[in-house]
Amino acid sequence: MKFQISTSVFVNRFMPVAQTINSNNKDSQEIYSNALIKVNKDSIVFIGANPTTRIVIDLPVTDDIKVVETGNILINASLLSNFLRTVNADRMLFELRDDQSLIIATDNGAYKLPTLSDQASNYPNWDMTSVDNSFEVDSASLYKLIKHTTYASAKTDSADEVLTGIQMNFNKDGIICYGTDKFIFSKAQTDIQSEGLTDEVSVVVPSDVLSKLSTIIFKTKLLELQTTYNLLKILNKDAHMEYDIRLLNNNYPLANKVIEKVLGSTSFSFNVNMRDTYEALKRVYVLLKNSEKVSYARIQVTKDNEVYLSANVSKEKLATSNFQGQIADDDFTFSFNPEYLMNILKQSYSSQDNITFTFGKDGLSPMSIQCDSSQDLDKQVQLVAAIREFGKN
């Protein structure tokens, strides 16, 4: 195997592969520490995988690339990426020797790196034998949906593995995504249609994988998605790039039913400015972190419709508008984790948005957060679970 290539072209294609390999690789098989480089007459294919994700980048051979001899290289991804960071040359010549060592030659010298190229045939093969669904989606819309829901999922060490993912529903009318850790719920949807889709497709995709996807994959107008019972393939044909993601089981909580129930049993609502509310929450959160007594905050509403953000360490009046409905005879209190609400406001809304907070009658139902004026998506809604205070009915 022997070829010559521009250093910048090689680095730009190889680094996303190395990044994929180096994520989620704890306690995984040793072979997942390696990248596979397949050198063909008409293309060089870079492949990297970890237990949950595979990336494939196809580099067509042009006049700037000279393939002398085809073959495969299987090499430790960290070793090669660290070496590439030290290279100060315009071009590199790669040559695989009979002893399986890789010689990389530049104008400055020649360097010998060990490989496992004789084991290249053992590299995991994720290729789909058949495709259940194939359709195209708007790249920008999908990126925003992912951004507005992945933060609400559970951490990767959660006992309930399915909650570490987000549910993505695709149909001819649009896309809906849900994320939840059972303390907060996030729903985001768009009416932009999926081209080529006749039946509804529902998959649960690991959130940490989606949040680490290279932004390169979204630098195109349309993405092609392919699914089987256990894989989601995302293809950016313009960049000659694909991501394969192992799906979680589809026994996802009925997040939409929870949201519909909460929105259908509201008692009152009011609007607040996102930036002002976020800054108030930050002040409360900083003080609560140093408090040994409680870790929750409260939204308190008086009979005169005055709204306060309070905790055992502070009390601050919130500027509100458009108060709808009415509270019971007594003052209303909703206790919650302020960090959850801060994450929702930061991840899903801009500082200029006016947010609608909606509550049930008893202060124990989740609070819903919406913003009809948001320009990012056609519609989104979040829920924050209430904290039951000790001694409170």
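Every read-out reported here was derived from the displayed coordinates using simple, explicitly stated rules and does not represent laboratory data. No experiment lies behind these values; they were computed from the predicted model shown. Backbone-built Cβ (ideal geometry, glycine too); neighbour counts: all protein chains shown.
Give the order of F46, F218, F83 when sorted by the count of other beta carbons within 10 angstrom, beginning with the fewest.
F83, F218, F46
How about K317: which lysines have a C-alpha closer than 18 Å to its C-alpha, ignoring those fewer than 8 places off in the same chain?
Answer for K317, where 18 Å is the Cα cut-off: K282, K303, listed by chain and number.
Taking H as built 1.01 Å from N, whose amide H comes closer than 5 Å to the amide H of L318, not counting residues under 5 places away?
Distant-sequence amide H within range of L318: V307, Y308, L309.
Could you grab the relative contact order for the chain? Cα pairs under 8 Å, six or more apart, rounded to a whole percent.
13
Kindly state, to the nearest 0.05, the FRET efficiency for N312 paired with K379, given R0 = 51 Å and r defined as their beta-carbon distance.
It comes to 0.90.
Read phi for every residue in segment 348-356 and hand back ³J(HN,Hα) as whole Hz from Karplus 6.51 cos²θ - 1.76 cosθ + 1.60, θ = phi - 60°, with x for Gly and Pro.
For segment 348-356, the Karplus curve yields 10, 9, 8, 5, 8, 5, 9, 9, 9 Hz.
Between N82 and D64, with labels modelled 7 Å along Cα→Cβ, what's the label distance in nm to one decimal, could you check?
About 2.9 nm, to one decimal.
How big is the Rg/Rh ratio for segment 133-183, C-alpha atoms only, Rh by Kirkwood, two decimals?
1.03
Counting pairs of alpha carbon atoms under 8 Å apart in space and at least six apart in sequence, what relative contact order in percent does segment 24-175 give?
The normalised contact order for segment 24-175 reaches 14 percent.
Packing-wise, with mean Cβ within 10 Å as the measure, how do 92-102, 137-147 rank, highest first?
Ranked from most to least packed, the peptides come out as 137-147, 92-102.
Hey, what does the equivalent ellipsoid look like for segment 80-227, semi-axes from the Cα gyration tensor as sqrt of 5 times each eigenvalue, largest first, whole Å?
Taking √(5λ) for each eigenvalue gives 40, 19, 17 Å, largest first.
Quick check: net charge around K172, other residues with Cβ under 10 Å of its Cβ, Lys/Arg +1 and Asp/Glu -1?
Surrounding charge for K172 is -4.
Calculated from DSSP H runs of 4 or more alone, at -39500 (n - 2.57) each and per residue, what is the 222 nm mean residue ellipticity of the chain, nearest 500?
Only helices count here, giving -5500 deg cm²/dmol.
With unit charges on the beta carbons (Lys and Arg positive, Asp and Glu negative) and the dipole taken about the Cα centre of segment 211-363, which residue among N273, N236, Y296 sits farthest to the positive side?
Working it through, the farthest residue towards the positive pole turns out to be N236.
Sorted from largest to smallest, which semi-axis lengths in Å does the alpha carbon gyration tensor of segment 257-384 give for its equivalent ellipsoid, taking the root of 5 times each eigenvalue?
21, 19, 14
May I have the pair-distance distribution P(r) for the chain, computed from all Cα-Cα distances with 10 Å bins from 0 and rounded to whole percent?
P(r) over the chain, rounded to whole percents: 4, 20, 25, 19, 16, 10, 5, 1, 0.
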